[in-house]
Amino acid sequence: MIHESALSEIEQGALFVINHSGGKDSQAMMIKLLEFVPKEQILVVHASLGFMEWPGAMELARDQATAAGVPFIVAKAKKSFLDMVLKRFQERPEVPSFPAPKYRQCTSDLKRDPIKREVRRYAKANGFDRIVNCMGLRAEESDNRAKQEVYKPTGENGKAGRYWYNYLPIHNLSTSEVFKTIKNDDQDPHWAYQDNDRLSCITCIMASAADLIHGASQNPQVYALMCLVEHVTGYALHASMRTLPDLTGIQPDYSLLTEYRDLVSKFSNTRSNRQRIPVLEVAA
């Protein structure tokens, strides 16, 4: 059942923004919202993660929007995941170079901020002053997400004369209910769910070992690049503080990285100029 505040926003002509990662939760959320929200009040936004994104994720979001007859836009950050890692490696030698569970710069800089930027542009161009930002977070996923409010004003609320709220339409759905929702609408989830529990970055800092193994096997070039950056920086990417080869048991094939020579050189040159290089201290 849709939240009563969301129903009120529908009546007031609010723009419902569907944050669509290409994952199962976004897909199911969109199916549910289309049951209540008029299509002219829907915008689907996909935050591009660049080479870190599972192939086909953006296309799934785009195709679902096209089939529903609603607008779709891609929000792109001005920097990449490895741009952030390199900057931290250069400027903060005393701390790990990668994001951490308590330092989720990848979420804020690569997803949330680019989406807000594009939504503001779209709202201004199309005359919307009320925005309901819809996300597929679910209580079952973690204790932290279970504590999230289903409907609340955001920090953008009241700025530039806009009303802006965050809404979690499928917060109470179980994983099985999510897949059932997709199946009942005659859709298929992203192919990676054949082996993955979650569809995030290919080498997400929070991913399970099983998801990382599948990511490495299906995307060996991305895996090799992230392993090399671990080696050069001396820090582990994963929140467990274990290196990717240690977690997956898969050795990277560095011969796949010829197109990333310039990027690898930037990391290597930074390493040679640093006085102190950690040697995976967190894993020692």
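The values are calculated or read from the model by the stated rules, or taken from the named source; none is laboratory data. All values derive from a computational prediction rather than experimental measurement. Using ideal geometry, Cβ is built from the backbone for each residue, glycine included, and neighbour counts are taken over all protein chains shown.
Before moving on, here are some points about what is shown:
- Any hit, segment 112-131, residues being closer than 21 Å to Ala207 by Cβ and either in contact with a strand residue (DSSP E or B) (Cβ under 6 Å, 6 or more places away or on another chain) or not in a helix (DSSP H, G or I) (or both): no
- Residue match in segment 70-91 (condition: within 18 Å of Leu199 (Cα to Cα), touching a helix residue (DSSP H, G or I) at 6+ places or on another chain (Cβ under 6 Å) and aromatic (Phe, Trp, Tyr)): yes
- Here is the figure for segment 149-178: residues that are of a type outside the set (Val, Ile, Thr) and surrounded by 16 or more Cβ atoms within 10 Å (Cβ to Cβ) total 12.
- Screening segment 83-140 for residues that are within 22 Å of Gly234 (Cβ to Cβ) and among the β-branched types (Val, Ile, Thr) and picking the one that is modelled with the lowest pLDDT gives Val95.
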